[in-house]
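Report on the following structure.
The values are calculated or read from the model by the stated rules, or taken from the named source; none is laboratory data. Quick caveat: nothing in here was measured; it's all calculated off a predicted structure. Glycine also receives a Cβ, built like all others from the backbone with ideal geometry; neighbour counts cover every protein chain displayed.
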Amino acid sequence: MTTETVNMLIAKAILAREQSYCPYSNFSVGASLLTDHGAVYTGSNIESASYTPTVCAERVAIFSAVHAGERSFSAIAIVGGKKDEFISSFCAPCGVCRQVMAEFCSPDFTIILFDGNETKIYTLAELLPESFGPSSL
Ligand code: THU
């Protein structure tokens, strides 16, 4: 993946974060998901007063893409931090989102994190080793 693509995905995740609905945690997250054919789907976290229906930015992006008929993904960029502040630390995907990634993405799927200054790049296999997924059944 080129540096331009990584930077493009980070920029779209930063923009997507502005759509976050997070009145309970005041922690806003943005994600941008790249398909194998170059389309980008974005998401932000959406919270609920009863808390558990809250959906992370990553799943909003992935489910939006799947609903649109997409099935092949190459990368996701994720940024998060205190609402109304620029990001200042890395926001790694939660366990539920890692499991959803394992449903639709291959082990070499790229996960890009940005803390406002530095970039960290992982594969899904690194963040979810020995996973249980579609091929387990
Ligand atoms: N959140 C995400 O959207 N993605 C992550 O990777 C971590 C957490 C959201 C869920 C909740 O709305 C808020 O951040 C605080 O947990």
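Of the residues that make up region 93-115, is at least one basic (Lys, Arg) and under 15 Å from the mean Cα position of the chain (by Cα)?
yes
In region 88-110, what residues are within 11 Å of the ligand (Cβ to nearest atom) and either at pLDDT below 95 or not aliphatic (A, V, I, L, M) (or both)?
Phe90, Cys91, Pro93, Cys94, Gly95, Cys97, Arg98, listed by residue number.
Hey, can you tell me all the residues within region 110-137 that are without any contact (Cβ under 8 Å) to a residue 24 or more places away in the chain and more than 18 Å from Val79 (Cβ to Cβ)?
If the condition is that a residue be without any contact (Cβ under 8 Å) to a residue 24 or more places away in the chain and more than 18 Å from Val79 (Cβ to Cβ), then Thr123, Ala125, Glu126, Pro129, Glu130, Ser135, Ser136, Leu137 are the ones that fit.
Check region 67-77 and report whether any residue there is surrounded by 22 or more Cβ atoms within 10 Å (Cβ to Cβ), more than 12 Å from the ligand (Cβ to nearest atom) and farther than 19 Å from Gly95 by Cα.
no
Take Ala16 and tell me if it is in contact with a Ser or Thr (Cβ under 6 Å, 6 or more places away or on another chain) and closer than 26 Å to Ser135 by Cα. Can you show your working first?
On the way: in contact with a Ser or Thr (Cβ under 6 Å, 6 or more places away or on another chain): yes; closer than 26 Å to Ser135 by Cα: no.
No, not satisfied.
Which residue is surrounded by the fewest Cβ atoms within 10 Å (Cβ to Cβ), if the candidates are limited to region 78-87 and must be hydrophobic (A, V, I, L, M, F, W, C) and more than 10 Å from the ligand (Cβ to nearest atom)?
Of everything passing the filter in region 78-87, Phe86 is surrounded by the fewest Cβ atoms within 10 Å (Cβ to Cβ).
In the set Ser32, Ser64, which member is modelled with pLDDT of 95 or more, within 19 Å of Leu127 (Cα to Cα), more than 10 Å from the ligand (Cβ to nearest atom) and touching a strand residue (DSSP E or B) at 6+ places or on another chain (Cβ under 7 Å)?
After applying the criteria, what remains is Ser32.
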